[in-house]
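Novice: Please find one structure pasted underneath; my questions will follow.
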Amino acid sequence: MKTYPIPMVPGPVKVAREVLEAYQINYGSADMEPEFLELYNQTEANLKTILSTQNQVVIQSGEGMLALWGALKSCLAPGDRVLSIATGVFGDGIGDMAASFGAEVRKISLPYSETISDMDEIKKLVETFNPKMITVVHCETPSGTLNPIAELGIAKKELGVPLLYVDAVSSIGGAPVLTDEWNIDLCLGGSQKCLSSLPDMAFLSVSQAAWEIIDQVDYAGYSALKPFRTAQVEHYFPCTPNWHGVAGLNAGAEMILKEGLTNSFSRHAEVAQYCRNYINEMGLTLFPASDAVPAPTVTAVNVPSNISWQEFDANLRQYGLVVAGSYGPLTNKVFRLGHMGTQADRELVARAMDVIGKVLP
Ligand SMILES: *Cc1c(COP(=O)(O)O)cnc(C)c1O
């Protein structure tokens, strides 16, 4: 299916009209024109507001994974210790990514239906393992859960861990992400989730402590962060920036700021609650455990036991509804409704629920 009548995939989401319009211009060279630098700086300022941070925000051309890789590779040398907290596919994956280039990774893996609750276990491991970096995912999109980050940030500071790395790709703009208050050194985002843009831009906030480490590690590579430290001052980027992509990302960010951050958060929370209530009323079961925190941007539901995911998906598509399956151990077991960005829309979710009700065996 090329276009979705009822789009409910948790990224890429339905692109906002304002964003599409930003792509309809034949921009000049981003390497040469001061207008590009102004746009980049404005986009950075908007993202700082959305991320509640004073830290520099780096904007890279590429999807979210680029920032996930770039932040790991730029901050870690082989042998550096990483405590990877995993409550889902992305959390586990980030630990594996760090291990793949020689970091010494210790994992705390919780069941994918859970969110972080036992800070004591984490603190104990931090004290004995003494990591350079803690990695964690705020919204585990494949599980439909939202990890509390505030307490982790307090522990990071108390115990003197140099870096806290948080993948907030699918929560930024749809839920409070208090980068500075939560002591996050690397807060990672992407354009295709709550910012309602294309899957073409990645961004992350970088703390002063992180910049110092990035300088020491001195990683050079396509995803490297180091060149961005001075890119704005010198108007010299490591490769030709994607003017369209930055313009689209900025349009998505401005939509949220125009709506008001707290309004956006409550829209997401209300639509998510509505979706969960409806799912329960239909006799379906939510994937997150009852004591886990459900995500305000995506709802994960167990595939009904008397139908396969493939058949269920095909039936939904007949009515124009496209949801997503899930990944890793949740493949074929869980389906997901993405109510983020443009899709955090009560009327859209109501149409989706209508279709699910029709095809339920
Ligand atoms: C979408 C997403 C990413 C980035 O994925 P891309 O496909 O590269 O945009 C990273 N982490 C989480 C939790 C996500 O939901």
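Values in this text are rule-based calculations from the coordinates and carry no lab data. On a predicted model such as this, the values are computed, not experimentally measured, just so you know. Reconstructed Cβ throughout: ideal geometry from the backbone, glycine too, with neighbour counts over all protein chains shown.
Novice: Which trypsin sites (Lys or Arg not before Pro) from region 1-101 combine a DSSP loop assignment with at most 10 other Cβ atoms within 10 Å?
Specialist: For trypsin sites (Lys or Arg not before Pro) across region 1-101 that sit outside H, G, I, E and B with at most 10 neighbouring Cβ atoms in 10 Å, the list reads 2.
Novice: To continue, here is another question. At a threshold of 8 angstrom on Cα-Cα distance, excluding pairs fewer than six apart, so keeping six or more, what relative contact order does region 54-129 reach in percent? Spell out each step's value before the answer.
Specialist: Working: 81 pairs, mean separation 20.0, N = 76.
Relative contact order of region 54-129: 26 percent.
Novice: I need the shape label for region 1-48. Rule: rounded when a/c is under 1.5, else prolate if a/b > b/c, else oblate, with a, b, c from the alpha carbon gyration tensor.
Specialist: Verdict is prolate for region 1-48.
Novice: Only helical DSSP H runs with n ≥ 4 go in: add -39500 (n - 2.57) per run for the chain, normalise by residue count and round the 222 nm mean residue ellipticity to 500 deg cm²/dmol. Walk me through the numbers on the way to the answer.
Specialist: Numbers: 12 runs with 144 residues, N = 361.
Counting only the DSSP helices, I get -12500 deg cm²/dmol.
Novice: Could you check what % of the DSSP bridge pairs in the chain are antiparallel, to the nearest 5?
Specialist: 50 percent
Novice: Using only the Cα atoms of the chain, build the gyration tensor, take square roots of its eigenvalues as a ≥ b ≥ c, and label the shape rounded, prolate or oblate: rounded if a/c is under 1.5, else prolate if a/b is larger than b/c, else oblate.
Specialist: Oblate shape, in that a/c is at least 1.5 and b/c is the bigger or equal ratio.
Novice: Mind checking which of 63, 281, 104 has the largest fluctuation in a GNM of the chain, springs on alpha carbons under 10 Å?
Specialist: Largest GNM mean-square fluctuation: 281.
Novice: Still on this structure: What residue among 216, 56, 310 has the largest mean-square fluctuation in a Gaussian network model of the chain, using Cα springs under 10 Å?
Specialist: Residue with maximal mean-square fluctuation among 216, 56, 310: 310.
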